[in-house]
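Only the coordinates and a few stated rules stand behind these numbers; no lab work does. Predicted, not measured: the structure shown is a model, and the values here were computed from it. Here the Cβ is made from the backbone with ideal geometry for all residues, glycine too, and neighbour counts use every protein chain on show.
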Amino acid sequence: MALDLDPTRWHPEMIRGRRVYLQRHRPDQFPAVLRWYRDPEVARLTRFQVGPVSDEEVRRFFQSRLLSPDAFAYAIHRADDDRLIGTTTLSALDPDNGTVLFHITVGERDSWGQGLGTEATALMVGHAIEVLGLHRVGLSVFEFNARAIRAYEKVGFRVEGRSREALWRDGAYWDEIHMGILEGEWRSGWGRRSGDGRRSREDDVASGDRAPEDMAALDREPARATLRYGRR
């Protein structure tokens, strides 16, 4: 399939929602990213290895995956005070088949449970499908992270399969769950809704798969994020 890969559309300077906006990362944000990756609870819920990540590993990831002009990576900011609260990326783009993988991390715990991660998720999925013209967005999450699975389902993701007993955690083996959302599902669900701004009743939860860039946090409250582009 043919995709619109015009840099001004693929990498807009900003993607704005109502309560959050997404903006390209800056070098001075490295300390915050490093602090998030040192959080043991985020590591438990998102990484196959729960041991500490070295500063140099995080620095290489930050420079190559978040700052690279070729990477689709955005910092998540709260709209009311411009505070940096997380990061979100698309990876493994397959233009021939119109697919991509989604990742999100809300690293600031005091921003959990406010619907901010949900809105950022909707912005990214909406951009991938409505602007880039992709057909499918996928992700993976650990089986024991039930709240994250429910959150993804509220966005419109469906369970598509699992890698059985792929993770040893808390004294037991757990599956890695694979989920996806298709263009038609987005357009018939979240893609035709408007958000009401209600606060989530449950905390945002971390979710993701085996690489540091895949750490994710999002909440359960569904909200449609309107795509807007340009300077804040």
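Which residues' amide hydrogens lie under 5 Å from the amide hydrogen of residue 113, considering only partners 5 or more residues apart or on another chain, with H built in the peptide plane?
Those qualifying (amide H under 5 Å, at least 5 residues apart or on another chain) are 204.
Residues with beta-carbon under 11 Å from that of residue 129, excluding residue 129: net charge, scoring Lys, Arg +1 and Asp, Glu -1?
-1
If amide hydrogens are placed 1.01 Å from N in the peptide plane, which non-local residues have theirs closer than 5 Å to the one on residue 17?
Correct list: 22.
Quick one: grab the alpha carbon gyration tensor of region 79-199, order the square roots of its eigenvalues as a ≥ b ≥ c, and give me rounded if a/c is under 1.5, else prolate or oblate depending on whether a/b is larger than b/c.
Taking the square roots of the gyration eigenvalues as a ≥ b ≥ c, region 79-199 is oblate.
Which whole-Hz ³J(HN,Hα) couplings does region 72-84 yield from phi under the Karplus relation 6.51 cos²θ - 1.76 cosθ + 1.60, θ = phi - 60°, glycine and proline marked x?
8, 9, 9, 7, 9, 10, 6, 6, 6, 9, 6, 6, 6
When the Karplus curve 6.51 cos²θ - 1.76 cosθ + 1.60 is applied with θ = phi - 60°, which whole-Hz ³J(HN,Hα) does each residue of region 48-65 get, with x for Gly and Pro?
Along region 48-65, the couplings run 5, 9, 9, x, x, 9, 5, 4, 5, 4, 5, 5, 5, 4, 4, 6, 8, 10 Hz.
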